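The values are calculated or read from the model by the stated rules, or taken from the named source; none is laboratory data. Given the structure is predicted, the values throughout are model-derived calculations rather than measurements. Neighbour counts run over all protein chains shown; Cβ positions are idealised from the backbone, glycine included. To get the accessible areas, we keep the full protein, side chains included, count just its heavy atoms, and leave off ligands, DNA and RNA. Shrake-Rupley method; radii C 1.70, N 1.55, O 1.52, S 1.80 Å.
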Amino acid sequence: YVHVLHPTKRGSRMETALEEQSLFIQVQMNDDNNEEGDDTYQVQTCLAHLERRNRRQRNRQIRLSHARLWEAGQIVQHYEIMGLVLQHTTPGKPNLACDGQLDLVIWPNAFAITLKLKPKGSTGPWLKGMTVNMSFQHWSTTRNIATPIESTKAEVTTLYCSVLETSAGSDDDDDSSKKSSKSNEDAVDDEDDDDSPMEGISVKVDEYVPKCSFDETFGCFVGEIKNPKRDFRTGYTDIRDYDKFQVVVTNASRKATYVPFLLNLISPANVTGLVVMVCDPTTNKPLGIPIQVSKNWHYRPIGNYLRAYTLLPSLPGSTTTYTITVVYAFYGALPSASHANLSLVGWSNDTANGRWEQLAIGSFGETFCLDVEFSATPANAITDVRGLMLRKGLNGRKYRWTNGGWGGDWLHVGDGRRQKMLTGEVKVAYISPGPCLTEVHYAGYYGPQRSVQFHNIVRTLRTDDYMRTFLNLEYNFATNVPFEDNSMADGPNLFRVGGSGWEGMRVPSIAYGNGDGLIDEYQTPSGLTHRSQVVKRMELTGPGPWWIAYNGMQFIDPNKSPNISDGWKALVIRSFDVNAGGKQYSNPCVSFYVRQVYDDGMANLDVLITTPSEVRDFNQGDTAKLNVEWLVLPYVAEDYYGPNEEFREHMTQHPNSWKTVFREAQGNNYDVSVDGGTVKHTYPLIIDATSPTVKFKLDKGVGAVPVRFDGLDSVEHYDLYQVLEGGEEEILDFASNPHQTHYSPETATYSIAFNIPMDGKENMEWVLKKKQEE
């Protein structure tokens with residue numbers, strides 16, 4: 001089924017169970033000399049389906065290869081199905097030799113099905129054109145092409161289907177869901193056809209696109225911009241400027257509506273880290289209108305691109321200007337936070353085209369990547385992990401990609417054959433792509449029998465010291481799931497730090513501790529056995545938060561670029577709550593798994609977060625919840641080039657030390673008091689506002705602490721003030737510390753997020769309130 005957010009009803013949510021429906025696609029070749037009549041073909045299947053069936057028969061993992069995921073996000077999903085098989089309607093006659101693809105672009109209120117066909121091999125059957133018929137439920141379209149069809153260009157036919165009424169705040173029943181897509185029976189070349197399903201609506205992008213056409217293949221007005229005018233440096237540098245585009249929407253109709261719009265930006269200033277916001281053209285402050293960030297840097301025919309989808313509100317008889325702002329390396333004075341779907345199309349020669357999620361702080365390369373559907377990896381939900389503002393000593397290059405220790409995983413349990421139980425039916429909710437605090441939810445099941453339901457939340461933050469990724473993990477068990485050590489070759493676990501080991505790392509020691517400090521430091525002996533567990537289910541005693549430090553790890557990959565700097569990884573476990581067999585466990589256990597053994601006897605170790613050994617399985621009704629924070633840290637102060645002097649001073653005094661992890665664990669284990677709201681989450685701090693004015697106080701903190709306020713009736717005129725001694729209030733400057741906003745259609749409320757520099761400060765008091773209108 002699909003979840004649809006109805007844009008006309010504030011706070012409403014409609015879940016519609018869709019029955020399987022037939023999509024009819026027929027191609028009739030025009031041939032006056034054929035005594036038997038025109039050859040007619042129908043699409044019956046595709047290579048993706050055949051590949052899926054064959055892999056199931058061979059008991060192999062199924063990945064998207066001949067089905068491509070181009071874009072996914074909060075608003076639009078875009079898939080391409082390749083290798084359509086067109087069978088002749090007369091049994092025994094050969095299939096049509098063609099390259100056939102089907103594009104599916106789905107909005108909340110409409111979808112487009114686009115057929116792309118071109119000859120494969122001989123063009124003989126295509127010399128007199130063809131007629132294409134497409135229908136789905138009550139929508140249909142016909143296209144007659146009377147000219148010869150060449151193999152150099154695909155013929156495109158689109159079935160555009162409007163599902164829901166798009167009016168905002170209107171109760172008129174226009175019965176739009178029963179209208180069929182327009183027929184283009186006599187169209188040979190309809191590129192100049194300016195008809196739009198949205199009558200009376202026009203869109204332009206000042207200075208770039210005088211009139212945006214409605215592209216039915218994308219289901220929206222499209223503003224395509226290549227190499228926009230810029231007066232700042234691009235690429236891997238400290239980009240502190242933004243791209244800004246003035247989008248003007250004119251509504252000459254009598255209805256309020258949401259206008260679907262795509263900013264198709266070719267060659268963004270740096271594609272590895274960017275966030276897009278819809279802003280007020282006067283104040284440049286974000287309005288909270290959701291806008292989706294989808295991107296690709298793998299597909300050479302297009303090059304690096306950003307596709308930003310949004311639904312822009314438009315009142316009847318009005319002209320409204322929106323500023324679409326693209327934020328790159330810095331948002332204000334701090335590196336920005338971003339989380340987006342990154343298309344893999346073009347990366348692997350169509351061997352892995354599924355979902356890939358990429359996080360970044362700044363635009364200096366990735367900081368954290370997720371493969372939650374195992375689109376490209378066999379068993380790692382967590383893939384690339386990299387550091388922030390790292391260099392190779394004082395003379396090292398800045399603003400470049402880094403290494404931080406590849407790989408990790410969420411729940412890792414067996415399927416009864418000692419093979420990993422894979423995820424399925426994964427749904428993703430992009431709550432906020434950044435740039436102050438990101439939030440994306442992942443929900444689905446493990447196993448074909450839905451043995452475990454999961455709901456995991458991933459966040460990262462705007463900061464200038466080091467990389468942090470926050471993961472809230474929740475597993476609900478529906479069937480018996482073995483959890484004995486021998487149920488998996490590498491041991492079952494609730495979370496894992498470490499992966500395939502392709503980078504190559506020596507781990508001479510691992511330090512671990514709790515909220516009071518260091519518990520112990522494990523010294524890795526020589527001569528360990530590959531793929532064995534050297535420490536099994538050791539409890540981390542004492543109060544939380546608990547932590548793991550890889551401060552001694554060493555990269556040894558000889559093929560690694562000499563310009564790429566290294567950092568070391570660490571984990572903070574802020575909470576641990578497991579209910580199994582009627583018993584509750586509040587302290588995590590860890591196992592150390594030997595990932596690699598080298599010729600010199602040294603080893604690479606994974607850390608598995610697990611339960612006490614008495615938990616031999618999980619059963620229906622058992623649950624596991626844990627809140628972890630992944631860090632990548634510099635070895636010495638000279639490897640850090642950021643501006644945070646408090647952090648630099650700490651690194652000078654404590655190079656390559658577990659004390660840096662303890663500083664993070666304990667420093668952000670702050671006490672918070674709130675007046676005018678309730679605390680939903682402590683770190684990052686998320687407050688549910690119950691009053692127009694919200695006061696809160698933090699006794700300490702490390703880095704730029706993210707603070708988000710949910711449940712606001714609007715974001716207009718809100719500002720954050722620091723309460724100084726004597727009760728005076730000082731506004732948090734928007735230029736250096738700008739905020740982000742987000743609108744929730746489900747609750748019809750807004751969120752606003754800030755980042756508060758807390759290094760070296762204590763007992764800071766703040767108040768969020770609306771500015772008094774003059």
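Mind listing whichever residues of segment 478-530 are hydroxyl-bearing (Ser, Thr, Tyr), closer than 18 Å to GLY552 by Cα and part of a loop (DSSP other than H, G, I, E, B)? I'd like the intermediate steps shown before the answer.
Filtering segment 478-530 for residues hydroxyl-bearing (Ser, Thr, Tyr) gives 479, 487, 500, 509, 512, 522, 524, 526, 529.
Filter once more, keeping what is closer than 18 Å to GLY552 by Cα: 509, 512, 522, 524, 526.
Correct list: THR524, SER526.
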With criteria (1) open to solvent by less than 40 Å² (accessible area, probe 1.4 Å); (2) modelled with pLDDT of 90 or more; (3) not hydroxyl-bearing (Ser, Thr, Tyr), GLY37 comes up short on (2)
Can you name the condition, by its number, that THR323 falls short on among (1) of a type outside the set (D, E, K, R); (2) touching a residue at least 40 places away in the same chain (Cβ under 8 Å); (3) in a loop (DSSP other than H, G, I, E, B)? (3)
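Looking only at residues in segment 729-752 that are in a strand (DSSP E or B) and closer than 22 Å to LYS700 by Cβ, which one is least open to solvent (accessible area, probe 1.4 Å)?
As a first pass, look at segment 729-752 and keep what is in a strand (DSSP E or B): 729-731, 740-744, 749-752.
Within this subset, residues satisfying the condition of being closer than 22 Å to LYS700 by Cβ are 729-730.
Values: GLU729: 84, GLU730: 100 Å².
Across segment 729-752, the extreme among qualifying residues is GLU729.
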Number of the condition not met by HIS441 [criteria: (1) closer than 24 Å to ASP617 by Cα; (2) within 17 Å of the chain's Cα centre (by Cα); (3) without any contact (Cβ under 8 Å) to a residue 24 or more places away in the chain]: (1)
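Within segment 122-132, does at least one residue satisfy the condition of being over 26 Å from SER196 (Cα atoms) and polar (S, T, N, Q)?
Looking only at segment 122-132, we keep the residues that are over 26 Å from SER196 (Cα atoms), and these are 122-129.
Subsequent filtering for residues that are polar (S, T, N, Q) retains 122-123.
Looking for residues that are over 26 Å from SER196 (Cα atoms) and polar (S, T, N, Q), one finds at least one in segment 122-132, hence yes.
Determine if segment 139-147 includes at least one residue that is part of a loop (DSSP other than H, G, I, E, B), closer than 23 Å to SER196 by Cβ, open to solvent by less than 40 Å² (accessible area, probe 1.4 Å) and not β-branched (Val, Ile, Thr).
In the first step, residues of segment 139-147 are kept if they are part of a loop (DSSP other than H, G, I, E, B); the result is 146-147.
Within this subset, residues satisfying the condition of being closer than 23 Å to SER196 by Cβ are none.
No, every residue in segment 139-147 fails to be part of a loop (DSSP other than H, G, I, E, B), closer than 23 Å to SER196 by Cβ, open to solvent by less than 40 Å² (accessible area, probe 1.4 Å) and not β-branched (Val, Ile, Thr).
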Qualifying positions in segment 685-718 - in a strand (DSSP E or B), at pLDDT 95 or above, over 26 Å from the mean Cα position of the chain (by Cα) and more than 28 Å from GLU649 (Cα to Cα): ALA689, VAL694, LYS695, PHE696
Being assigned to a loop (DSSP other than H, G, I, E, B) and open to solvent by less than 10 Å² (accessible area, probe 1.4 Å) is the filter here; which residues of segment 254-269 pass it? ALA269
Return the total of residues in segment 92-122 being open to solvent by 20 Å² or more (accessible area, probe 1.4 Å), touching a His at 6+ places or on another chain (Cβ under 9 Å) and in a loop (DSSP other than H, G, I, E, B). 3
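Does LYS295 meet the test of being open to solvent by 10 Å² or more (accessible area, probe 1.4 Å) and among the charged types (D, E, K, R)?
Values: open to solvent by 10 Å² or more (accessible area, probe 1.4 Å): no; among the charged types (D, E, K, R): yes.
Against the criterion (open to solvent by 10 Å² or more (accessible area, probe 1.4 Å) and among the charged types (D, E, K, R)), LYS295 does not qualify.
Given the condition within 26 Å of ASN668 (Cα to Cα), in a loop (DSSP other than H, G, I, E, B) and open to solvent by less than 30 Å² (accessible area, probe 1.4 Å), answer yes or no: does some residue in segment 753-765 qualify? Break it down into steps so the answer makes sense when it comes.
Let us first name the residues in segment 753-765 that are within 26 Å of ASN668 (Cα to Cα), namely 753-765.
Adding the requirement that they be in a loop (DSSP other than H, G, I, E, B) leaves 758-763.
If we keep only those that are open to solvent by less than 30 Å² (accessible area, probe 1.4 Å) as well, we get 758-759.
Scanning segment 753-765 turns up at least one residue that is within 26 Å of ASN668 (Cα to Cα), in a loop (DSSP other than H, G, I, E, B) and open to solvent by less than 30 Å² (accessible area, probe 1.4 Å).
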Scanning for something touching a residue at least 24 places away in the same chain (Cβ under 8 Å), among the hydroxyl-bearing types (Ser, Thr, Tyr) and more than 27 Å from LYS659 (Cβ to Cβ), does segment 542-555 turn up at least one residue? no
Need the failing condition index for ALA704 against (1) open to solvent by 50 Å² or more (accessible area, probe 1.4 Å); (2) under 30 Å from ALA637 (Cβ atoms), just the number. (1)
Against the condition of a type in the set (Gly, Ala, Ser), touching a Ser or Thr at 6+ places or on another chain (Cβ under 8 Å) and under 22 Å from HIS739 (Cβ atoms), how does ALA329 come out, does it pass? yes
How many residues does segment 371-401 hold that are closer than 20 Å to ARG595 by Cβ and either polar (S, T, N, Q) or not in a loop (DSSP other than H, G, I, E, B) (or both)? 6
Scanning segment 552-587 for residues that are in a loop (DSSP other than H, G, I, E, B), at pLDDT 95 or above and in contact with a Ser or Thr (Cβ under 7 Å, 6 or more places away or on another chain), which turns out nearest to MET602 (Cα to Cα)? GLY567
Consider GLY405 carefully, then state whether it is small (Gly, Ala, Ser), open to solvent by less than 10 Å² (accessible area, probe 1.4 Å), assigned to a loop (DSSP other than H, G, I, E, B) and at pLDDT 95 or above. no
